[in-house]
Structures are given as structure tokens and as C-alpha cells.
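Where a number appears in this text, it was derived from the coordinates with a stated rule and is not lab data. These numbers come from a predicted model, not from an experiment. Cβ placement follows ideal geometry from the backbone for every residue including glycine, while neighbour counts extend to all protein chains displayed.
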Amino acid sequence: MAREPKRFEDDDGRTLVDMNVEGMPWYQSGRKKQDRAQARAELQARIDRGEALTRRETLRYTFYATLAGLTVVGVIGGGTVLFVLLLWLLWR
């Protein structure tokens with residue numbers, strides 16, 4: 001099957017907007033979950049085979065771990081500041 005010729009000169013074939021919109025006849029409700037599950041299964045299969053993560057994946061997971069740690073530190077630090085502020089207001 002041959003590809004259709006481009007109708008516009010500035011068309012490079014990339015998708016700009018996801019057309020999977022609720023209410024349209026072609027809407028697929030679980031597509032994003034299926035895509036994520038498939039990507040997770042592929043990553044798990046690569047790990048099981050003993051392949052190393054790519055540099056981009058390593059940076060992504062390091063970034064996620066750092067954000068998780070900063071969230072924990074922020075919650076504990078914010079709680080401590082609020083506790084000290086409460087005690088300071090009560091002791092005045």
C-alpha cells in the first residue's frame with residue numbers, strides 16, 4: 001500500500017493533538033491505561049533480560065526519586081514550621 005502524497009507543503013506528519021476525545025465515535029476509553037501498561041510490561045521484560053536502562057530513562061527515574069524525596073522533606077519541614085509557629089503563638 002502506497003503512502004498518500006502530502007496535501008500541504010508544511011505537513012511533516014507529526015501528530016499535534018490527541019484526537020481520542022470523549023464523545024467521538026472512535027473514542028477508546030482505556031487506551032492511555034493500556035499504553036502505560038504496555039510500556040511498563042516492556043520495561044519489565046527488558047529488566048528481566050538484564051538490559052541496562054538508557055541514559056534518558058536513568059535520568060528520568062533519578063529525577064522522580066529526587067522529587068519524591070523533596071516532597072517528603074517539604075511535608076516534614078512544613079509540619080515542623082507550623083508546629084513551632086503554633087507553640088510560639090500559644091506561649092505569647
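Can you give the calculated 222 nm mean residue ellipticity of the chain, where each DSSP H run of n ≥ 4 adds -39,500 (n - 2.57) and the sum is split over every residue, rounded to the nearest 500 deg cm²/dmol? Working shown, then result.
Numbers: 2 runs with 56 residues, N = 92.
Roughly -22000 deg cm²/dmol at 222 nm, from the helical runs in the chain.
Please find the FRET efficiency linking Leu82 to Tyr61, where r is the Cβ-Cβ separation and R0 is fixed at 22 Å, and quote it to the nearest 0.05. Intermediate values should be presented prior to the final figure.
Numbers: r = 32 Å, r/R0 = 1.45.
Calculated value: 0.10.
Of the GluC sites (Glu not before Pro) in the chain, which ones lie in a loop per DSSP and count no more than 13 other C-beta atoms within 10 Å? Walk me through the intermediate numbers first.
Working: sites: Glu9, Glu22, Glu42, Glu51, Glu57; in loops: Glu9, Glu22, Glu51.
Filter output for the chain: Glu9, Glu22, Glu51.
For Val21 and Glu9, compute 0.36 nm times the residue count separating them, minus their Cα-Cα distance, and round to one decimal in nm. Spell out each step's value before the answer.
Values: separation 12, 0.36 × 12 = 4.32 nm, distance 2.75 nm.
Difference between extended and current length: 1.6 nm.
Which whole-Hz ³J(HN,Hα) couplings does the stretch 47-60 yield from phi under the Karplus relation 6.51 cos²θ - 1.76 cosθ + 1.60, θ = phi - 60°, glycine and proline marked x?
Here the 3J(HN,Hα) series is 5, 4, 6, x, 6, 7, 5, 6, 4, 5, 5, 4, 5, 4 Hz.
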